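Comments concern the structure below.
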Amino acid sequence: MPTVPDPDAAPTSRIAVLTSGGDAQGMNAAVRGAVRTAIHLGAEVFAIYEGYQGMVDGGEGIRQVGWDDVGNVLHRGGTMIGTYRSKDFRERSGRLRAAANLLERGIDRLIVIGGDGSLSGLDLFRQEWPGLLAELVETGRVEQALADAHPALMIAGLVGSIDNDLVGTDMTIGADSALHRIVDAIDAIASTAASHQRSFVVEVMGRHCGYLTLMSAIAGGCDYALIPENPPADGWEDRMCAELRRGRAAGRRDSIVVVAEGAQDREGNPITAAYVRDTIEQRLDEDTRVTILGHVQRGGRPSAFDRWASTWLGYAAAEEVLAATPGSVAHVVGIRGNRIAKVPLMEAVERTREVPAAIAGGDYAEAMRLRGGSFTEMTQVFTEMSEPPVPALAEGESPRRVAILHAGGLAPGMNTAARAAVRLGIDRGHTMLGVRGGFPGLRDGQVEELTWGDVEGWTSIGGAELGIRRTVPEIEDLYAIGRSLEAARVDALLVVGGWNGYQAAHRLWEERDRYPAFRIPVVCVPASIDNNLPGSELAVGTDTALNAIVEAVDRIKQSASARRRCFVVETMGRYCGYLALMSGLASGAERVYLHEEGITLDDLQDDVHRLRSSFDAGRRLYLAIRNERASEQYTTDFLARLLDQEGQERYDVRQAVLGHLQQGGDPSPFDRVLATRLVAHAVDLLTEQLAGGGREAQLVGLVEGRVRATPMSRMLELMDMQHRRPKDQWWLDLRPVVCAVSEPELPVAPPAPTRAQPRAGL
């Protein structure tokens, strides 16, 4: 019979972590974040293997884990502690056994990572806990004193679901990685489909949630999407085929339709990929193929987002459950608007289950409302972008002319933004113009009209098809730019770019009293891998750069796995440390150097001590990530030489400057969707200004999950002008997360000096 722990021993919280239900990329990051944070906070941590079944079976299914037990797992898909859909736990007898097994180990705090079914079971277990304990005492399986020591079960839930179906949070664990798998497949399919002028139907997961379908259709530049929440009206087959036919007439060489596995018509009849294929073949006489992606969507390495966000969620869940009391409300921990959001557990589950209930009841407006405003918004944006428009202008009205221009440093997703601007602008009745070569191109009159077909295929292409320059116009350039705007009859200007582009737009705004041509509506859309622009917490291109860094670091870590080695990796970002911090969190770096914090000699002495101690204790790899301008004196080369010299042959040191690979590559799904969303708002702002005779200059950005517009007049006050970064940087709040999960505490006193011969510098 389990007995009460020694009353003279210092009380220590004991928590357990388990994963349940379907696996999702990022679960390992969440487990790692929870385990290491709990250890960092002084708790003892247990992993429950094979989900709730491991808790029911006990024995080796519940094992204490240490810091290193969750090392080197961030890059792994699935779940390292296994998952299982336990039938035993659904019965009270199974939950009784589970309670006994937890009590035997003194565990009364539980973190569960799973779907709504797993979380419902967790809440039921919490509610039943006092009754289960009473029965265990009554039957003599546990002592009364042990039950009294653990009168309540404190819990926290994290949602691991590639469907992104939890109402109340922006993104669930695994959804971003699944979107990567789908969009990669669509990109590959698009190339072969265009080669043969062929149609494809792609089926993706999502029984009751169309998130993956909708966002992959937007990110993949697809033609049509069928989602469960908003079934098509009767006669949808005719409309779909008409749209596909018009798309071909507008210049498309391929047609791609994305279908959710749970898609149905308004009578509740399933719409299968096979039925869509047959419809296209019969009505359009086109060779059509079906691709069902299946479980490939669950597999593979997690994306950068699913690594850093899941780590943050694990950190927050550990803090939540360790701070909980018997009277605390049980929460699901999620992310909303780049902030941790805590939603009462059963409220979250019940609201999530309202969506399929609304669909089954034919209340599609309610289903869309529950999914949130941005989901509804993007559904409309996709429709506008995928259907070649027939603009209707009032009699005597001429189209307004809107110019698109790239400026600043290159950022993946700029082409996506340009395509969205052209298609949405044409949909609203504008004539869309492309400026080649940034503001110098505008000065030189390199302005041309862009049609619907001109931007076909731009969604997935990296770089900037319109060209880009960092040049900020000088005073002597302004007259020529004004004349060019007048010659091209530009009525509004959309600038997609980085800090130099923002500065250039601000200069035109400042000079509008002197130059009448500048008295037009102007909107800036943030596109910069540095993520250093005012009025937006995220910039287009940042996520792609982050994924490039994490992929490179994964390879670096593999190359170092066979030796005792320390790597110092330098990222871009200028004076903004976003890429360094987030890639450090996503790749499991032990140390991150930021310009925002600086580097001191005391810091370096402490780092040397940590390296020596950790390698003496058996470490094989140490990873440090440095923002390129973290310190003017303590450069990447200096840090590598210092750590190598002071290591005294305990380990090798290598450095890697990742450079411009961070700016290259095709944009990630997140950046494609973000670019589309921001540009949709920008085009709407310009349209409103043009309709009302306005001439405002504004910055569009994402702030706490919402797209907002900021007057150009506030641009400079939002910036630290010396370091070209926003004064308020939300991501710095994640610094404690890095500290909590990067390294266990080491002794303060340095180890005794050795007689080893110092090594030569690199």
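The values are calculated or read from the model by the stated rules, or taken from the named source; none is laboratory data. Here the structure is a predicted model, which is why all the values come from computation and not from measurement. Here the Cβ is made from the backbone with ideal geometry for all residues, glycine too, and neighbour counts use every protein chain on show. We work out accessible area using only protein heavy atoms, side chains counted, and drop any ligands, DNA or RNA first. Shrake-Rupley method; radii C 1.70, N 1.55, O 1.52, S 1.80 Å.
Modelling each spin label as a point 7 Å along the Cα-to-Cβ direction, I'd like the GLU267/ARG512 distance in nm, to one decimal.
5.6
Work out, step by step, the length gained on full extension between ASP720 and ASP454: first 0.36 nm times the residue separation, then minus their alpha carbon distance; give nm to one decimal.
Length gained, ASP720 through ASP454: 91.9 nm.
Give me the Debye-computed log₁₀ of I(q)/I(0) at q = 0.17, 0.19, 0.26, 0.27 Å⁻¹ for region 415-459, equal point scatterers on Cα only, no solvent, two decimals.
-0.47, -0.57, -0.92, -0.95
Of the heavy-atom accessible surface of region 206-356 (probe 1.4 angstrom), what whole percent is carbon and sulfur?
On region 206-356, the fraction of accessible area on carbon and sulfur atoms equals 46 percent.
Can you list which of the trypsin sites (Lys or Arg not before Pro) found in region 705-743 are DSSP loop residues with at most 11 other C-beta atoms within 10 Å? Each step should come with its number before you reach the end.
Values: sites: ARG706, ARG708, ARG714, ARG724, LYS727; in loops: ARG724, LYS727.
Answer by residue number: LYS727.
For the chain, build the convex hull from the C-alpha positions and give me its volume per residue in Å³.
Details: hull volume 132.8 nm³, N = 762.
Per residue, the Cα convex hull of the chain comes to 174 Å³.
So what J values fall out for region 679-685 if you push phi through Karplus, 6.51 cos²θ - 1.76 cosθ + 1.60 with θ = phi - 60°, rounded to Hz, Gly and Pro as x?
Working through the residues one at a time gives 5, 4, 5, 4, 5, 5, 4 Hz.
Put +1 on the Cβ of each Lys and Arg and -1 on the Cβ of each Asp and Glu in the chain; which of ALA249, VAL349, ALA656 then has its Cα farthest toward the positive end of the dipole?
The listed residue farthest towards the positive side: ALA656.
Give a residue-ordered list of calculated ³J(HN,Hα) values for region 87-95 (Karplus: 6.51 cos²θ - 1.76 cosθ + 1.60, θ = phi - 60°; whole Hz; x for Gly, Pro).
Karplus values, whole Hz, x for Gly and Pro: 6, 4, 6, 6, 9, 4, 4, x, 5.
Rounded to the nearest 20 Debye, what is the dipole magnitude of region 384-517 about its Cα centre when Lys and Arg each give +1 and Asp and Glu each give -1 at the C-beta?
300
When only Cα pairs under 8 Å and 6 or more residues apart are kept, what is the percent relative contact order across region 17-108? Mind dumping the intermediate values first?
Details: 151 pairs, mean separation 34.1, N = 92.
RCO, region 17-108: 37 percent.
Among rounded, prolate and oblate, which fits region 236-372 when a ≥ b ≥ c are the square roots of the eigenvalues of its C-alpha gyration tensor, a/c under 1.5 means rounded, and a/b larger than b/c means prolate?
Prolate shape, in that a/c is at least 1.5 and a/b is the bigger ratio.
Along the Cα→Cβ direction, 7 angstrom out, place labels at THR291 and TYR275. What is the inter-label distance in nm?
Each label point is offset 7 Å from its Cα along the Cβ direction, giving 2.3 nm.
For Cα pairs less than 8 Å apart in space and 6+ apart in sequence, what is the mean separation divided by the residue count of the chain, i.e. the relative contact order in percent?
On the way: 1692 pairs, mean separation 96.0, N = 762.
Relative CO of the chain lands at 13 percent.
Would you mind working out the magnitude of the charge dipole of region 568-681 relative to its Cα centre, with +1 at each Lys and Arg C-beta and -1 at each Asp and Glu C-beta, to the nearest 20 Debye?
Around 420 debye, computed over region 568-681.
Hey, can you grab everything whose amide H is under 5 Å from the amide H of GLY210? Only 5+ residues off in sequence or another chain; H modelled, so Pro and N-termini drop out.
Amide H neighbours of GLY210: GLU229.
Convert 4 °C to kelvin, take the viscosity as 1.567 mPa s, use the Kirkwood radius over C-alpha pairs of region 477-600 as Rh, and evaluate the Stokes-Einstein diffusion coefficient in µm²/s, rounded to a whole number. Walk me through the numbers on the way to the answer.
Details: Rh = 17.3 Å.
Answer, rounded: 75 µm²/s.
So what's the convex hull volume per residue for the Cα atoms of region 82-157, in Å³?
Working: hull volume 6.4 nm³, N = 76.
Per-residue hull volume (Cα only) is 84 Å³.
Over the chain, with the other protein chains present, what is the accessible area per residue in square angstrom, probe 1.4 angstrom?
Details: 28940 Å² over 762 residues.
That works out to 38 Å² per residue.
Beyond 17 Å, what percent of the Cα pairs of region 20-67 remain?
Roughly 40 percent, rounded to a whole number.
Let's test this: bin the Cα-Cα distances of region 452-503 at 10 Å from zero up to the farthest pair and state each bin's percent.
Taking every Cα pair in region 452-503, the percentages come to 17, 42, 33, 8.
Classify region 590-661 as rounded, prolate or oblate, taking a ≥ b ≥ c as the square roots of the eigenvalues of its Cα gyration tensor: rounded when a/c is under 1.5, otherwise prolate if a/b is larger than b/c and oblate if not.
prolate
Rounded to the nearest 5, what % of DSSP beta bridges with both residues in the chain are antiparallel?
Values: 22 of 91 bridges.
For the chain, the DSSP antiparallel bridge percentage is about 25.
If the convex hull of the alpha-carbon atoms of region 38-175 is projected onto planes in all directions, what is the mean projected area in square nanometres? Write down the numbers at each step before the final one.
On the way: hull surface 36.2 nm².
So the Cα hull casts an average projection of 9.0 nm².
What residues qualify as long-range amide H neighbours of ARG289, i.e. H under 5 Å apart, gap of 5 or more or another chain, H built at 1.01 Å from N?
SER199, PHE200, VAL201
Give me a comma-separated list of calculated 3J(HN,Hα) values for region 161-167, in order, Karplus coefficients 6.51, -1.76, 1.60 applied at θ = phi - 60°, integers in Hz, x for any Gly or Pro.
The phi angles translate into 7, 5, 6, 6, 9, 7, 6 Hz.
Exposed loop sites here are GluC sites (Glu not before Pro) in DSSP loop states with at most 10 other C-beta atoms within 10 Å. What is the longest stretch of the chain lacking them?
Longest site-free region, per DSSP loop and neighbour criteria: 1-266.
Rounded to the nearest 20 Debye, what is the dipole magnitude of region 109-155 about its Cα centre when Lys and Arg each give +1 and Asp and Glu each give -1 at the C-beta?
Its charge dipole is roughly 160 debye.
Among PHE46, HIS295, ILE186, flag the residue with its Cα farthest along the positive direction of the charge dipole of the chain, charges on Cβ as +1 for Lys/Arg and -1 for Asp/Glu.
Working it through, the farthest residue towards the positive pole turns out to be ILE186.
At 10 °C and 1.306 mPa s, grab the translational diffusion coefficient of region 556-690 from Stokes-Einstein with a Kirkwood Rh over Cα pairs, rounded to a whole number in µm² per second.
Details: Rh = 16.7 Å.
In µm²/s, the coefficient is 95.
Using Stokes-Einstein with the Kirkwood hydrodynamic radius over Cα pairs, what translational diffusion coefficient do you get for region 614-734 at 4 °C and a viscosity of 1.567 mPa s, in µm²/s rounded to a whole number?
Estimated diffusion coefficient is 67 µm²/s.
Region 605-673 to region 279-358: how many Å between their Cα centroids?
33
Please work out whether region 355-468 counts as rounded, prolate or oblate from its C-alpha gyration tensor, where a ≥ b ≥ c are the square roots of the eigenvalues and a/c under 1.5 means rounded, while otherwise a/b larger than b/c means prolate and anything else oblate?
In terms of gyration-tensor shape, oblate.
What residues have an amide H closer than 5 Å to that of ASP170, excluding those fewer than 5 places away on the same chain, when H is modeled at 1.01 Å from N in the peptide plane?
Residues meeting the amide H criterion: ILE335, ARG336, GLY337.
If you take the C-alpha gyration tensor of region 265-311, multiply each eigenvalue by 5 and take the square root, what semi-axes do you get, largest first, in whole Å? Present the calculation step by step, with values, prior to reporting the outcome.
Working: eigenvalues 240, 47, 16 Å².
They are 35, 15, 9 Å, listed from largest to smallest.
So how many Å³ per residue does the convex hull of the Cα atoms of region 448-550 work out to?
Numbers: hull volume 12.3 nm³, N = 103.
Enclosed volume per residue, from the Cα hull, is 119 Å³.
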